[in-house]
Structure formats: structure tokens, C-alpha cells
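Participant: Got a structure for you, questions after.
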Amino acid sequence: MKFRYQIIFLAVIIGLGACKSQFEEVRSSNDPTKILSAADKYYEEEDYLKAQTLYELIIPFYRGKKEAEELFYKYAYTYYYQDQYILAAHYFNNFTKTFYNSPLKEEMAFMSAYSNYQMSPSYKLDQTPSNDAINELQSFINTFPNSPRVDECNALIDEMRLKLERKAFETGKLYFQLEDYNSAVRAMENMLKDFPETKRAEEVRFLIAKGSYNLARNSIYEKTKERLEETIEQCDKFLKKYPESERVSEVNTIIENCKVELKRFTDDGYQE
């Protein structure tokens, strides 16, 4: 029995060695036709690293020939299927420029954008990849307005914008936690400009009013009066827009506190 297992083990080792030797033999053959055939076989078997390695060897030989289009198509996908999205996006995009009239151009343009989408990180991290994805997805829509992929692109853009919106919101809240009220108010105001349709609008406007009040209370004497008046303006905007809000009572309290503080300026003989 032990001898039998040794034979099986030896057969497996020999088989693996043969497979490796076959790949190395093809790779060192200097035969573009043979290498292309083997690369396509590895590609179909989803062995994308070996396929990629062989495609790289023969790209210079097939450049400008009829086989080049399919070769570059598969070569780009070998990066995508290995989760190498930066290079995948590059080669998908390069395909659209190299084979401008190809019927595969639309697919490759989409995959370039989609590869950028795949690189979009958690909202907690830098969102440059998300912005890049939005720009490229929108570019695809503009270039191929009748594509069946347009709806998917719009959905992906909406997803990215929600992530950017949350990033902006959480950044503003972080400033509040750090008691940097000036930055908090500006961050929330910018969020409303960038995402006017946000579902967080009521909470954001409340935080602007509350942040303005905290900023006024912590300001130097020369700026306090002006900032208290600005706080009342922010509160009035909130009450006008959300008269039925559960935060109305708290906003009214902020207004009353501001008026009390402003009265002190009058009593102290504050001069403009």
C-alpha cells in the first residue's frame, strides 16, 4: 500500500513538472503562432497569469495584424480577472484608442470605467478613485448615450455620489467632535452645495445652525455679535424650511440664547 502511494505521488510530481515544462517550452519557443495558441488556451482555462505572460511576449509581433484586436482584448481582461484594476483600466482604455472603429470599443470603454469603479474605497478613505470613476462613467454615457449599459452607469454613479456624500457628512461631524466649529459649518455648507438633493438636508441645516451658535460663543469679542446674528439667520432658514421638524424647539432655544447674548452687546454700548 505504501509503495502504491509513492507511485501515485511520483506520478503527480512528474505531471506537474511536465505541465511546467510545457509552459516553459512554449514561452521560450520564439514561435508567435504557438505562443498565441497556448495563451488562448490558458485564457479559456482561466489561468490568466500564464495567459498574460504569453500575450506579453507576442504583442510586438502581432501589433498591426488582424490577430491584434482579439489579443489586446484578452490581454486587458487578464489584468481585470486578477483584480489588477489600475492596469486593467489602462489597457481597456488603451484598446479604445488603438482600435477606434472596433465593435468591441463600447465594451472596453465601459470596462475601463468599471475598473475605476472597482477601485472605489470605503467612504472613510480618500475618494479620488470614486471621483475618477464618476468622471469616466459619465464620459461613457456621453459617448454612448444609446448603450444598454447607460442605466447601469447611472446606478454606479449614484452609488459613488452617495459615498462621496457620506464622506462629506462624516467629515463635517468630525469637525464638530473636534470642536472646530468654523470648519464644521463650512464643511456642512459645502455638502449642501455639492449634494442639494441629500436626504440628510434637515440634519445638515440643523448642524449648521448649531455649529454657528457654538462658533459665535467661542469667538473673540469683535466677531461675536456678527456671528450671533448669522446664527439667527441660519435658524430662521431652518424654521422656514422645516416648520414641522422635531428640532424646532431646540432651534428656537438657540435663537433665544442668541438674542440674550446680543442684548448684552446693546447694554454694554457696543458700537459697530
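The values are calculated or read from the model by the stated rules, or taken from the named source; none is laboratory data. These numbers come from a predicted model, not from an experiment. Neighbour counts run over all protein chains shown; Cβ positions are idealised from the backbone, glycine included.
Participant: Give the residue that is farthest from Tyr91 (Cα to Cα), with candidates limited to residues of segment 19-68 that are in contact with a Ser or Thr (Cβ under 7 Å, 6 or more places away or on another chain) and of a type in the set (A, V, I, L, M, F, W, C).
Facilitator: In this case the residue turns out to be Ile35.
Participant: I've got another one for you. In the list Gln118, Gln84, which residue meets the criterion of being surrounded by fewer than 19 Cβ atoms within 10 Å (Cβ to Cβ), over 26 Å from Ser28 (Cβ atoms) and either over 19 Å from the mean Cα position of the chain (by Cα) or at pLDDT 95 or above (or both)?
Facilitator: Working: Gln84 fails: over 26 Å from Ser28 (Cβ atoms).
Going through Gln118, Gln84 in turn, just one is surrounded by fewer than 19 Cβ atoms within 10 Å (Cβ to Cβ), over 26 Å from Ser28 (Cβ atoms) and either over 19 Å from the mean Cα position of the chain (by Cα) or at pLDDT 95 or above (or both): Gln118.
Participant: While we're on this one: Pairs please, first residue from segment 235-262 and over 19 Å from Leu215 (Cβ atoms), second anywhere and of a type in the set (Lys, Arg) and surrounded by 12 or more Cβ atoms within 10 Å (Cβ to Cβ), Cβ atoms under 9 Å, 6+ apart in sequence or on different chains.
Facilitator: Taking only residues 6 or more apart or on different chains, the pairs are Lys241/Arg205; Tyr242/Arg205.
Participant: So which of Ala133, Ala201, Ala168, Ala155 ends up being under 16 Å from the mean Cα position of the chain (by Cα) and farther than 30 Å from Phe92 by Cα?
Facilitator: Going through Ala133, Ala201, Ala168, Ala155 in turn, the sole match is Ala168.
Participant: Being assigned to a loop (DSSP other than H, G, I, E, B) and modelled with pLDDT under 95 is the filter; apply it to segment 53-81 and report the residue that is farthest from Ala38 (Cα to Cα). Reasoning before the result, please.
Facilitator: So the first thing to find is which residues in segment 53-81 are assigned to a loop (DSSP other than H, G, I, E, B), and the list is 63-67, 81.
If we keep only those that are modelled with pLDDT under 95 too, we end up with 63-67.
On the way: Arg63: 18, Gly64: 21, Lys65: 18, Lys66: 18, Glu67: 14 Å.
Looking at residues that are assigned to a loop (DSSP other than H, G, I, E, B) and modelled with pLDDT under 95, I get Gly64.
Participant: Out of segment 56-69, which residues are closer than 21 Å to Thr96 by Cα and over 30 Å from the mean Cα position of the chain (by Cα)?
Facilitator: Within segment 56-69, Ile58, Ile59, Pro60, Phe61, Tyr62, Arg63, Gly64, Lys65, Lys66, Glu67, Ala68 meet the criteria.
Participant: Which of the residues spanning segment 218-265 are among the small types (Gly, Ala, Ser) and more than 24 Å from Lys199 (Cβ to Cβ)?
Facilitator: Within segment 218-265, Ser219 is the sole residue that qualifies.
Participant: Taking Tyr77 as the residue in question, decide whether it is buried (at least 19 other Cβ atoms within 10 Å of the Cβ) and either under 27 Å from the mean Cα position of the chain (by Cα) or hydroxyl-bearing (Ser, Thr, Tyr) (or both).
Facilitator: Yes; evaluated as a whole, the condition is true for this residue.
Participant: Every residue in segment 136-189 that is loosely packed, with under 15 Cβ neighbours inside 10 Å and not in a helix (DSSP H, G or I), please.
Facilitator: Matches in segment 136-189: Pro145, Asn146, Pro148, Leu178, Glu179.
Participant: Next question. Given the conditions (1) more than 30 Å from Leu164 (Cβ to Cβ); (2) under 33 Å from the mean Cα position of the chain (by Cα), which single one is not true for Asn252?
Facilitator: (2)
Participant: Test each condition in (1) touching a Gly at 6+ places or on another chain (Cβ under 8 Å); (2) assigned to a loop (DSSP other than H, G, I, E, B) for Ser219 and report the one that comes out false.
Facilitator: Just one mismatch for Ser219, condition (1).
Participant: Another one. Among the residues of segment 215-265, which ones are out of contact with any Asp or Glu (no Cβ under 7 Å at 6 or more places or on another chain) and among the small types (Gly, Ala, Ser)?
Facilitator: Listed by number, the residues that qualify are Ala216, Ser219, Ser249.
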